[in-house]
1. Which members of the stretch 284-335 meet the condition of being in a helix (DSSP H, G or I), touching a helix residue (DSSP H, G or I) at 6+ places or on another chain (Cβ under 6 Å) and more than 19 Å from ASP193 (Cβ to Cβ)?
2. Tell me the residue from ILE174, ILE120, ILE178 that is in contact (Cβ under 8 Å) with a residue 40 or more places away in the chain, among the aliphatic types (A, V, I, L, M) and in contact with an Asp or Glu (Cβ under 7 Å, 6 or more places away or on another chain), please.
3. Among the residues of the stretch 225-250, which ones are of a type in the set (A, V, I, L, M) and either outside the structural domain of ARG158 (by TED's automatic domain parsing) or in contact with a strand residue (DSSP E or B) (Cβ under 7 Å, 6 or more places away or on another chain) (or both)?
4. What residue, among those in the stretch 241-283 that are assigned to a loop (DSSP other than H, G, I, E, B), over 19 Å from the mean Cα position of the chain (by Cα) and among the hydroxyl-bearing types (Ser, Thr, Tyr), is nearest to TYR228 (Cα to Cα)?
5. Please verify whether the stretch 133-156 includes one or more residues that are out of contact with any strand residue (DSSP E or B) (no Cβ under 8 Å at 6 or more places or on another chain), within 30 Å of PRO240 (Cβ to Cβ) and assigned to a helix (DSSP H, G or I).
6. Does the stretch 37-57 hold any residues that are in contact (Cβ under 8 Å) with a residue 24 or more places away in the chain and in a helix (DSSP H, G or I), and which are they?
7. Which of the residues spanning the stretch 173-192 are within 20 Å of ALA133 (Cβ to Cβ) and outside any helix (DSSP H, G or I)?
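The values are calculated or read from the model by the stated rules, or taken from the named source; none is laboratory data. Keep in mind that this is a model prediction, so the values were computed, not measured. We place every Cβ from the backbone using ideal geometry, glycine too, and count neighbours over all the protein chains shown.
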Amino acid sequence: MASFAAIGLDHRHIYDLTQGLLEAGQECVGYCSRTTDPRVLAGFRKRFPEVPEIERERLLDDPSIAFVVIAAVPCDRAALAVDAMRRGKDVLVDKPGVTTRDQLVAVRRAVAETGRIWSIGLGRLLSPAVQEALRVVRSGEIGRLVQTVSLAPHRLNRALRPSWFFDRAAYGGIINDIGVHSIDQFLAFADADDAEIVTSTVGAFGTEPEGFEDFAEIVMATPATRGYIRVDWFTPDGLPTWGDGRLFVTGTEGTLELRKNLDIEGRAGTDHLFVANRYGTRHVDCGNLAVTYYRDFAADVADRTETTMPRDQVFKVCALALDAQARATRFMTRR
């Protein structure tokens with residue numbers, strides 16, 4: 001069991017990161033109460049009343065703390081992670097881990113010079129349905145991979161969003177913020193270390209404030225595989241979850257579809273996988289499959305390994321997201 005601390009309580013993802021680590025047998029020995037959103041702080045205190053509040057510098061200087069989890073304002077995460085690594089801590093950060101190329105350079109330098117682990121809690125690592133779909137694809141059951149199509153709508157939940165959420169410099173743009181999940185997912189299914197950003201587009205369809213990026217699409221490619229990605233902030237209020245995340249995978253001998261969050265008219269629960277191949281079709285309920293990311297991350301900390309996500313891979317995912325964001329064709333619509 002390793003001790004960890006929570007710092008940067010600015011996004012509600014800090015709840016999931018902390019809870020996942022606790023369920024994996026790790027001990028949260030303190031949190032820093034600095035925040036831009038008092039509602040997140042109140043939620044953390046309610047969920048984890050046994051965790052003491054400790055000043056940030058004390059947490060970073062405590063040699064008994066093996067790693068920190070960070071869900072600060074996105075543009076602040078890299079500097080906080082670098083500071084933690086230079087004080088001997090491994091880091092598990094909420095996405096996006098960086099918002100600029102200079103930040104990525106700084107993080108890479110800190111990792112190289114300190115030997116610390118810098119990992120991002122990306123969606124595929126936390127989704128049992130994606131893990132099962134990867135197993136099916138890698139087994140060869142649907143033949144050679146041809147294409148993936150990832151649809152990732154999100155609910156805006158305007159009333160819950162702090163001001164920085166609508167500041168592009170703070171969140172890094174929609175592709176860098178939420179498209180990074182799908183970029184990582186494409187590389188995993190393509191079993192590739194790198195990919196080409198064929199084209200990318202960012203749109204502002206009129207969500208207030210003016211210019212807020214509420215839509216994006218990306219086309220990616222490896223020499224053998226194509227991928228299409230769409231992310232947006234248009235989940236309707238009537239949907240009983242934050243988004244209807246879907247993934248379609250086409251192979252030369254079959255297809256599969258993931259309904260990550262719900263089956264809108266059918267089966268209860270999350271993590272539905274549908275497979276079609278030469279032998280027929282089947283539904284796989286992945287909701288009860290284990291998510292091992294937090295346990296595996298803790299093992300990496302203890303063993304100094306890179307089983308959850310090798311450092312070069314996480315750097316590449318961040319670089320591709322930054323590249324797609326920077327190169328995106330931009331359009332705005334006015335009401």
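1. Within the stretch 284-335, TYR293, TYR294, GLN325 meet the criteria.
2. Just one listed residue meets the conditions, ILE174.
3. ILE229, VAL231, LEU247, VAL249
4. THR252
5. Filtering the stretch 133-156 down to residues out of contact with any strand residue (DSSP E or B) (no Cβ under 8 Å at 6 or more places or on another chain) leaves 134-135, 138-140, 155-156.
Next, from what is left, pick out any that are within 30 Å of PRO240 (Cβ to Cβ): 134-135, 155-156.
With the extra rule that they be assigned to a helix (DSSP H, G or I), the set shrinks to 134-135.
The answer is yes, given that some residue of the stretch 133-156 is out of contact with any strand residue (DSSP E or B) (no Cβ under 8 Å at 6 or more places or on another chain), within 30 Å of PRO240 (Cβ to Cβ) and assigned to a helix (DSSP H, G or I).
6. Residues of the stretch 37-57 that are in contact (Cβ under 8 Å) with a residue 24 or more places away in the chain, as a first pass: 37, 39-41, 43-44, 47-48, 51, 54, 56.
Within the stretch 37-57, ARG39, VAL40, LEU41, GLY43, PHE44, ARG47, ARG56 qualify.
7. ASP191, ALA192
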